[in-house]
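Okay, so here's the structure we're looking at.
The values are calculated or read from the model by the stated rules, or taken from the named source; none is laboratory data. The model shown is predicted, which means the values in this text are computed figures rather than measured ones. Ideal geometry is used to build each Cβ from the backbone, glycine not excepted, and the neighbour counts take in all protein chains shown.
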Amino acid sequence: MKPAGTAEDSGIRVVKMKKGPFLNRLQANPGCNLRVCILASGSKGNAVFVSGTAASILIDAGLSGIEIERRLKSRGLDPKDLDAILVSHEHSDHIQGVGVLSRRYKLPVYISTKTQNAAASQLGNLHDLKTIECGSTFVINDLAIHPFSISHDAADPCGFTIHQNSTKIGIATDLGIATAMVKEHLKECALLILEANHDEEMLINGPYPWPIKQRIKSRTGHLSNAASKILLKELQHDCLKHVMLAHLSETNNTPQKAAHEVGQALTRCKAHLHIASQNTCGALLHLK
Ligand SMILES: [Zn+2]
Ligand SMILES: [Zn+2]
């Protein structure tokens, strides 16, 4: 009689998991698929934590390494359990802590060639560099990640969708306009992180010099509350559970204005609306 086959024999992919308190918590909660936490969002620094059952990643690390560690720990997450950092583009509010965290925790950094070239001096030596390309899906354990091009004044900026089993989340901040491609990629997400950068009137009447106002309003700048509302209106569907408004300007927007204006889009679903903050870590959301 043949011995019982291993999981590998049966074609099931076995993923080796790191041990640690974070994994123990996941195992204690077997129904959990995806966890998402916006550690910080805005022009002074951005970082999003996402975990599946077998992988924990950061999308951008735009605060100091110490501050990112502090915010992870404030939500019971151990930076030692991270598996990778993904970089959306080279602006310093997205990469400030990437190099130090990569070296400290021996983390691979997933980044496009053009972004890496543009960011090289700020990143320094990386523990491991993994080249990604907009339009090409890559896999980190149980997370399937798809970077897609967005319109922003950087070398090769991208948004991301992340699939785990049948659940999909989408992340798009730092975009001047929501192109047809952006809309296509962000369809059917259970959770969306969308930019709501500025209130158009506050920006026009605000203190910024005119060239900066022009840059923010341009097709390669940042998405206004009004534009975010139009985008969300198109993207909403019955299974959309959470919408997190992100990259709010501290000068040209308020959480109340963003929530009021963009929230009006949610006419056909009961998604929870969250506002990401620059100074405080958001809640750790569990998607099942
Ligand atoms: Zn930014
Ligand atoms: Zn940017």
Residue, surrounded by the fewest Cβ atoms within 10 Å (Cβ to Cβ), within segment 139-154, restricted to residues that are more than 14 Å from ligand 1 (Cβ to nearest atom) and aliphatic (A, V, I, L, M): V139
Residue in segment 52-70 that is at pLDDT below 95 and hydrophobic (A, V, I, L, M, F, W, C) present: yes
Just to be sure, is F160 within 16 Å of ligand 1 (Cβ to nearest atom), of a type in the set (F, W, Y) and closer than 25 Å to V243 by Cβ? yes
Please find, within segment 133-182, the residue that is farthest from S51 (Cα to Cα) out of those that are of a type in the set (S, T, N, Q) and within 13 Å of ligand 2 (Cβ to nearest atom). S151
Looking at segment 82-98 only, could you name the residues that are surrounded by fewer than 24 Cβ atoms within 10 Å (Cβ to Cβ), outside any loop (DSSP other than H, G, I, E, B) and within 11 Å of ligand 1 (Cβ to nearest atom)? S92, D93
Exactly one of I177, I169 is under 20 Å from S228 (Cα atoms), in a strand (DSSP E or B) and not charged (D, E, K, R), and that one is I169
Within segment 157-184, count every residue that is surrounded by fewer than 22 Cβ atoms within 10 Å (Cβ to Cβ) and in contact with a Ser or Thr (Cβ under 7 Å, 6 or more places away or on another chain). 3
Mind telling me which of the residues K106, K168, K114 ends up being away from ligand 1 (no atom under 16 Å from the Cβ), out of contact with any helix residue (DSSP H, G or I) (no Cβ under 7 Å at 6 or more places or on another chain) and under 22 Å from R215 (Cβ atoms)? K114
When (1) modelled with pLDDT of 95 or more; (2) outside any strand (DSSP E or B) are applied to G31, the one that fails is (1)
Can we say L245 is in contact (Cβ under 8 Å) with a residue 24 or more places away in the chain and within 17 Å of the chain's Cα centre (by Cα)? yes
Candidates L123, L175 - the one that is over 30 Å from E261 (Cβ atoms) and touching a helix residue (DSSP H, G or I) at 6+ places or on another chain (Cβ under 9 Å): L123
With H237, H274, H222 as the choices, which residue is in contact with a Gly (Cβ under 8 Å, 6 or more places away or on another chain) and more than 16 Å from ligand 1 (Cβ to nearest atom)? H274
Cβ pairs under 6 Å, 6+ apart or interchain, first in segment 56-74 and part of a helix (DSSP H, G or I) and among the aliphatic types (A, V, I, L, M), second at pLDDT 95 or above and within 16 Å of ligand 2 (Cβ to nearest atom), ordered by first then second residue, are I68/A47; I68/A61; I68/G97
Selection count where residues are out of contact with any strand residue (DSSP E or B) (no Cβ under 7 Å at 6 or more places or on another chain), β-branched (V, I, T), within 17 Å of T173 (Cβ to Cβ) and within 16 Å of ligand 2 (Cβ to nearest atom), scope segment 212-250: 1
